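Below is one structure, written out as structure tokens; comments come after it.
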Amino acid sequence: MPSLKPIKPKRISDQVFDQLRELVLRGEFKPGQQIMPERELAEILKVSRTSIRDAISKMVATGLLEHRQGQGTFVRVPVDTQNPLAKAMAAQDASLENLLEVRMGLECNAAAYAARRATEEDIRFLERSFTEMNEEVASGRLGTEADVSFHMAISFAMKNPLQVHIMKNFYDLLFYGIRENLVQLYEKPGNIELILEQHRSIFYAIRDRDPVQAFTTMRRHIDFVLAFLAGLRS
């Protein structure tokens, strides 16, 4: 007879953890941002403060949040040296170009499927992330957080749980790669408008439900960054 075990209902704190983690990974809670107090979260989610506290402790333990003495709880800014994939990159002497090649395989298909499957909520979130990118750049900042949110939102819009799982584990490395790319790209002022235009084209293709164009525009974007980095090396 098969060894079956009784099904246990999921703990409330685990459900809270799942919601908070998704908000961080989707970029609704951005790196460096302070999250709302336990009491406010408990009121919004209609759960006890104990469940909120347990979920936050788990978020801290997994490296998504951090406590700052006397200030509160904040979304941790990804540090590439703490990420297993980043350590693997260093150990294998992997480059930003290697990382972009991996992203090419993951994100071009994600964009194409997102064009077919994205909900109206997904489209609104993509548009918001793109708007935030423009605002950040206009303020003289890199816009890394909004850029990462844009790319993560595409993976969520693909509606494939395996893609989401991969990208959740890929998050720190994605943040690191995009940040380093932008630092180098934006040393040449003309690249700022080019990068924004590429993201605009990706967004329009997904919004307009054009999977071929979504795939093409994402590939064109990553190819552009690859070519730019190759030019720096030559």
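Each value in this text was obtained by applying a stated rule to the coordinates, not by laboratory testing. Keep in mind that what you see is a predicted model, and the values were worked out from it rather than measured. Neighbour counts are summed over all protein chains in view; Cβ atoms, including those assigned to glycine, are modelled from backbone coordinates with ideal geometry.
Based on Cβ point charges of +1 for Lys and Arg and -1 for Asp and Glu, what charge dipole magnitude is obtained for the chain about its Cα centre, in debye rounded to the nearest 20? Working shown, then result.
Details: 31 positive and 31 negative charges, 186 e Å.
Dipole about the Cα centre, nearest 20: 900 debye.
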ask   = Can you pull out the GluC sites (Glu not before Pro) in the range 175-220 that DSSP calls coil and that have at most 10 other Cβ atoms within 10 Å?
value = E187
remark   = Relative contact order of the chain (C-alpha contacts under 8 Å, at least 6 apart) in percent is 22 percent
Options H67, G27, T50, ranked by Cα towards positive dipole end of the range 12-75, top entry (Cβ charges) = H67
inquiry  = Give me the extension gain from E121 to D208: residue separation times 0.36 nm, minus the current Cα-Cα distance, reported in nm with one decimal.
reply    = 29.9 nm
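From the C-alpha coordinates alone, can you work out the Kirkwood hydrodynamic radius of the chain, in Å? Display every interim value, and only then the final one.
On the way: mean 1/r = 0.0526 Å⁻¹.
Taking every pair of different Cα atoms in the chain, averaging 1/r and inverting gives 19.0 Å.
Given N residues in the range 12-75, what is Rg(Cα) / (2.2 N^0.38 Å)? Walk me through the numbers before you get to the answer.
Working: Rg = 10.6 Å, N = 64, 2.2 N^0.38 = 10.7 Å.
So the Cα radius of gyration is 0.99 times the expected 2.2 N^0.38 Å.
List the pairs from K30/K168; K46/K168; K168/K188; K10/K58 whose alpha-carbon separation is above 20 Å, in the order I gave them.
Numbers: K30/K168 14 Å; K46/K168 26 Å; K168/K188 31 Å; K10/K58 15 Å.
In this structure, K46/K168; K168/K188 exceed 20 Å between Cα atoms.
If you take every residue apart from K30 with its C-beta less than 15 Å away from the C-beta of K30, what net charge results, scoring Lys and Arg +1 and Asp and Glu -1?
Details: positive: R21, R26, R76, R128, R141, R179; negative: E22, E28, E66, E132, E135, E136, E145, D147, D172.
Residues near K30 contribute -3 overall.
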inquiry  = With a 10 Å cut-off between alpha carbons and a GNM built on the chain, which of K46, K30, K159 moves the most?
reply    = K46
request  = Could you list which residues have their amide H under 5 Å from that of L65, counting only those 5 or more apart in sequence or on another chain, with H placed in the peptide plane?
outcome  = V60, R76
